[in-house]
Structures are given as structure tokens and as C-alpha cells.
Amino acid sequence: MKYFNILMILNMIIFFSTKANGQGAIMGLNDLEISASYPSCGSFNFMQNIQTETADLVDLSDEFMEKITRLVQIHKDDREYADLLVIPVVFHVVYNGEDENLPDSIIYNQIEILNECFRRTNADASETRSEFIELVGDTKIEFRLAEVDPFGAATNGITRTATDVENFGGILPYGPGESDEIATWVGDSLYYNLFRLTELSLGGSDAWDTEVYLNIWSGDLRIFEPEFGDIEELVYFALATPPLDHENWPEELLTELAEFEQGVLIHYVNVGSNNQNRLPAPYAAYNGIVTTGKILVHEVGHYLGLRHIWGDGDCTADDFILDTPNSNNSSNWTCSHAANSCIDDIGGTDLKNMVENYMDYSRGNCQNSFTIGQADVMRTVLEINRPFLAETISTANIDNLSKFDHLNIYPNPFKTEIHIENASNYSNFKIFDLSSKIVISGELNSTRINVSDLATGTYIIEVANENSILRTKIVKE
Ligand SMILES: [Zn+2]
């Protein structure tokens, strides 16, 4: 068990904090040891850790999820599902060894898997059990590696940064018998260590504007443990920052959250299904389970507002999604079609645990579905909390996506006038300030827009025609 020292302590912290929330299952020491023996996704733990340092992030996030659920219900009947929402992605490859310098082919494979899973064109969609078929669906959300970088230059959407940092989890300065110190270190340092990936000055790669790109960073997320025999310990396969709601949130919490860039961090071994890297002992048992490209699907689900399907608690804990069955725990990286851990009522049926769901911890080759309720939540989060991230394309144009353009505005930053490339493709435009208020709008009769009246600052410009809405960020100097 010596390998699992940090994991055990970390899980004890999670155990105690979920218990303090009143959500946690009552677990005995044996359960704790079993639960301690596998790494996980760190998204919910990240929220809990912030909560221990500032205000009630998890409670506030519960309120946020309730609000989203209400909005989904209100708009259920008039919901415009025809539009395809396309999210530009920048993939930051941060490498210390050549193994970590993932070739483009792995990134392309990962983006393809992401799209197949979100559009339900995955080959294993046929394996969804019949009782769930009516509940699952196409999210109509797609991901494209960015074609234009924040400076307007052409890009393939992949950045590569060599780093001196060998383990982004950090170096554990404690050894056997120092459990309290290790627990404190995990609480104080681990997330800051991991998020070094998102800053060039700390050995990572700087984010591209997180309001208009989904930023994904891959690197070595392990913790190095010199006092435990030079073990490189993996606590999290990946983690994502949840969407934030600034409405009524305390300033201290927003200040704390602002220290962490929005996006997804993923251990390099877990990217793609054609990645030749493998988890070493003592994690070798997870090879094949978490190396199918589905870990990123799960994390992007978190980034777009989804919780774990078991609600990170017992049968009373909710994921705030109406059409997902309850369960009292994750599937612990198994794939049991027999499990039915909680009684629920979805359309009059007590459904079994939905191990097919990407938001469970089931084996990658067991996961094949998002429910329509989950798709509704993600699309509503995009509308409300990440309003400038996705570009909207109507179904009329979906078959014609090779013609899809990214919006190119120059100069940017600008002073008195901006030019729009391919302006003739669009009929009108709007310029928003960052509170989503329209400051200028009109028909697009020329390639130039006079913006001399705008105050210095950052804006979002949107151009539209009958088929699509494109947005990008612009800055007035
Ligand atoms: Zn997760």
C-alpha cells in the first residue's frame, strides 16, 4: 500500500468533507482503503478544495444548477435544437520528456472522439441498453481545433511548450508518518501545482482567451515523492474548471477562482485512443480503461456544467439532471449492467445505474452516452455562462461545414475602425461589452465599422447571416 499514501490521505479529506456536507455515504475504513486505491477525475474535488478555503462554492454551484434546471424546463418546449454549437479548441501540449510531446495525430484522434461522443456518432452508441435509448441523444455541440489564434494568425490549434517541470503535481516534501503535513500540503499546494500548466512563467503554456476558446492542457500531472522511494504518484487523470456564476457570488470566492484559468487539465497518457504511452505500475491496471479518449469527454462535460452522474454522494445526492438514474457511488472503473444502487422513478421506471454515461467512472469502453437532460444543461450553460464560446450554425448549413469560417477582424487591438474579412458573407453585426450589453449594432454594408466612439476596453463582436452567428473578442486601445 505504500504507493497509495497520498491517495489515501486525499480520499480521507474527500471522505471527511463529503461527510461534513451531509452528502457522503457512511464508509468504513475498509471502504476507504478500497476507494483510496484508484485515481480519479479531480473536478469535484477541486470545487471542494476551493470551498474549504473560501465560501460555499459547492452550495452556490448547487443553486446555479437548480437555476439552469429551471431554465431548461421553462424553455423545454420552445427550445431551438436545430442549431449546431461549435466550440473552438486550443490544445496546449506541455512536455518535459519526448513521450509527453504528443504528436498531432493523437490530438486529432482525441478531437474526433470528442465529436463522435457529443454528436452520438460513436460506433459503440449501438451498445446503449434499450431502457436508455429514449433518454439519450445528440448534444449538437461540436469541437474544432482553432484556425485563428488570439492575434489573428493562422494556427492548427495546437501549442507545444517544452518545460523544466517534471511533475506538475509537485514534489512532496514529506515522508512516512507525516500524514497531517501531507494532508495540509495537498489542500494548500496540489491545485496550484497542477495549474502551473496554464502559465508560461511557471513552466506551462499561457491560456488563450478563455471566453472564446476552450483551453485544454496536457502534461504530466503526477506528484513526485522522494521520501517514498521516488514514487511518481497519479492522483487525478484529469480535471476541469466548472462554469462560474457571478450573480450574488461573494467577492472572495471570485478572487479565489480567478487564480485558476478556465479549461481542462489532462494527464498526457489519457489523451486519445491511439496514444502509445501507458500508465506504469502501480496504475497499470487502468490501461485500456482510461486510455480510450473518453476521459476528455467526461471533463468537457464538467466544463459545460455537468456533475458526476452519482451526484458525488449517496442516493439522496443529485446531479441535477432529471433523466439520469441515481446511484450511490461511481462505478469504480467497472462496467456492471446489473447494478441498481438506488430506487428512482424516471418516466415511471426504476432504472439501473447508467454505466453507459460519460459522467460515471465506468470503463471507457462501457461509456457511450449523454442523456438529453445532460445535453439541455450543457447547451443552456453555453448560452448563459459561456456566451461567447460557441459559434452557432443553423442546420441548413451543417452539411456544408467545410465552408465554415472563423471570424477574422483586423486590426485587433483597434483604435477607430475595424475591418471584417469576408464581410460580404454576413448581413448584420453587434458589438457587446463584457456584460453582454449591445453597444453598437447595425447592418453590415461595408467591410469597415467605425468604432471611434467606443471607450478603451474589451468587447465581443458578432456577425450573422441566416446560416450562422460568429463571434470573436476585440480590444480597443
Ligand atoms: Zn469527473
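Computed from the coordinates by the stated procedures, all read-outs in this text should not be read as laboratory data. The structure displayed is predicted, hence computed values, not measured ones. Methodologically, a virtual Cβ is constructed for each residue, glycine included, from the backbone with ideal geometry; neighbour enumeration extends over all protein chains shown.
Quick notes
- Segment 214-271 shape via C-alpha gyration tensor axes, a/c threshold 1.5: oblate
- Cysteines without a disulfide-compatible neighbour (Cβ-Cβ under 4.7 Å), the chain: C41, C117
- Amide H to amide H, with H built 1.01 Å from N, H92 comes under 5 Å of T159, I216, W217, S218, counting only residues 5 or more places away or on other chains.
- FRET efficiency, E66 to S436 (Cβ-Cβ, R0 30 Å, nearest 0.05): 0.85
- Using Cβ point charges alone (K and R +1, D and E -1), the dipole size of segment 105-163 about the Cα centre works out to roughly 200 debye.
- Shape of the chain from the C-alpha gyration tensor: prolate (a/c of 1.5 or more and a/b above b/c, with a ≥ b ≥ c the square roots of its eigenvalues).
- In the chain, the calculated helix contribution to ellipticity at 222 nm averages -7000 deg cm²/dmol per residue, counting -39,500 (n - 2.57) for every DSSP H run with n ≥ 4.
- Packing around the peptides 421-432, 120-131, taken as the average count of other Cβ atoms within 10 Å per residue, puts them in this order, highest first: 421-432, 120-131.
- Lysine pairs in the chain with Cα atoms under 19 Å, if 8 or more residues apart or on separate chains: 11
- Under a 5 Å amide H cut-off, with hydrogens placed 1.01 Å from N, V271 pairs with nothing among residues at least 5 apart or on other chains.
- For the chain, the membrane-span-like helices by this rule, meaning whole DSSP H stretches whose C-alpha atoms cover at least 15 Å of axis and whose Kyte-Doolittle mean is 0.0 or above, are 5-21, 57-74, 372-384; this says nothing about an actual membrane.
- Distance from segment 232-252 to segment 326-355 (C-alpha centre basis), Å: 27 Å
- Taken about its Cα centre, segment 399-476 carries a charge dipole of about 280 debye when Lys and Arg each add +1 at the Cβ and Asp and Glu each add -1 at the Cβ.
- Assigned charges on the beta-carbon of Lys, Arg, Asp, Glu; the chain dipole about Cα centre (debye): 980 debye
- Positive-end extreme of charge dipole, the chain - chosen from A238, I461, T371 (charges on Cβ): I461
- Highest-first arrangement of 63-70, 304-311, where packing means the average Cβ count within 10 Å: 304-311, 63-70
- Considering only Y361, F91, L265, and ranking their Cα positions along the charge dipole of the chain that arises from unit charges at the beta-carbon of Lys, Arg, Asp and Glu, the one farthest toward the positive end is F91.
- Pairwise FRET efficiency - S446 versus S273, Cβ, R0 = 45 Å, nearest 0.05: 0.40
- Summing charges over neighbours of D206, with a neighbour being any other residue whose Cβ is under 14 Å away from its Cβ, gives -2 when K and R count +1 and D and E count -1.
- Share, in percent, of DSSP beta bridges within the chain that are antiparallel, nearest 5: 60 percent
- Among 438-447, 355-364, the peptide with the highest mean count of other Cβ atoms within 10 Å heads the list, and the full ranking is 355-364, 438-447.
- Extents of segment 399-476, taken as max minus min of Cα coordinates on every principal axis and listed largest first, are 40, 24, 20 Å.
- Cα gyration tensor shape for segment 135-207, rounded if a/c is under 1.5, else prolate or oblate: oblate
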